[in-house]
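Here the structure is laid out as structure tokens; the discussion comes afterwards.
The values are calculated or read from the model by the stated rules, or taken from the named source; none is laboratory data. Small disclaimer: the values here were computed from a predicted structure and weren't measured. Using ideal geometry, Cβ is built from the backbone for each residue, glycine included, and neighbour counts are taken over all protein chains shown. Just so you know, the surface numbers come from the protein's heavy atoms only, side chains and all, with ligands and any DNA or RNA stripped out. Shrake-Rupley method; radii C 1.70, N 1.55, O 1.52, S 1.80 Å.
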Amino acid sequence: MERIMVIGVSAGVGKSTFARRLGDHLNIEVYHLDTFYWRPGWVEAPLEDFISAQKEVVSHDKWIMEGNYSHSFNLRSELADTIIYLELPLRVCLYRVIKRWFSNLGKTRTDMAKGCNEKLDWEFIKFIISTYFPRKKEMKIKLADLQKSDPEKLIVILKSKHEIEGYLLNVMG
């Protein structure tokens, strides 16, 4: 495991925390896609800049990239040797997003671009709810197709807090 993608079913599933813990243990730098996608004040970066930043990262021998962003999924997945997919229940993801908002009010998280203070609005809640089940279905198909096309690629699917913690403990020996 040297080129690792950490993806998940939704915001709040724990991608950033998982990636940080894995990166700390493996001594591999973690890159958060949100820091490439967002500019200060929650302004979206031009797509070419977003893709270019990822191309720079995947040119390295070792990396952990955390985040979904389907329009650049293939760029990362083709070069990753390991894909770790986190899937927790919708209610857990929503709870964590709300908890994160309260915990970070007025602050910018380390996994977010500078100048993007924590925010939570109805549009984001609707986005989480409306994309959760379609993404769950889509990821099952996408990961199965990836495994068929590249049987050497390690694909890890973790569907509970217990599985996630167990995986990290196992990797950390």
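Some notes on this structure:
- Region 34-48: number of residues that are assigned to a loop (DSSP other than H, G, I, E, B) and open to solvent by less than 50 Å² (accessible area, probe 1.4 Å): 1
- Picking from residues in region 135-173 that are hydroxyl-bearing (Ser, Thr, Tyr) and in a helix (DSSP H, G or I), the one that is farthest from the chain's Cα centre (by Cα) is Ser149.
- Of all residues in region 106-134, none satisfies the criterion of being over 23 Å from Tyr31 (Cβ atoms), open to solvent by 90 Å² or more (accessible area, probe 1.4 Å) and not in a helix (DSSP H, G or I).
- Residue within region 95-105 that is open to solvent by 50 Å² or more (accessible area, probe 1.4 Å), closer than 20 Å to Gln54 by Cα and not in a loop (DSSP other than H, G, I, E, B) present: no
- Checked across region 76-92, the condition of being surrounded by 13 or more Cβ atoms within 10 Å (Cβ to Cβ), polar (S, T, N, Q) and closer than 12 Å to Lys15 by Cβ holds for no residue.
- Residue tally, condition of a type outside the set (Phe, Trp, Tyr) and in contact (Cβ under 8 Å) with a residue 24 or more places away in the chain, over region 111-137: 13
- Test: residue in region 9-16 that is open to solvent by 30 Å² or more (accessible area, probe 1.4 Å) and part of a helix (DSSP H, G or I): no
- If you go through region 69-94 and keep only what is over 18 Å from Asp49 (Cβ atoms) and either outside any helix (DSSP H, G or I) or touching a His at 6+ places or on another chain (Cβ under 9 Å) (or both), you end up with Ala80, Asp81, Thr82, Ile83, Ile84, Tyr85, Leu86, Glu87, Leu88, Pro89.
- Any pair with Cβ under 6 angstrom, 6 or more apart, that starts in region 42-67 at a residue that is among the aromatic types (Phe, Trp, Tyr) and ends at one that is open to solvent by 30 Å² or more (accessible area, probe 1.4 Å): Phe50/Phe36; Phe50/Tyr37; Trp63/Arg3
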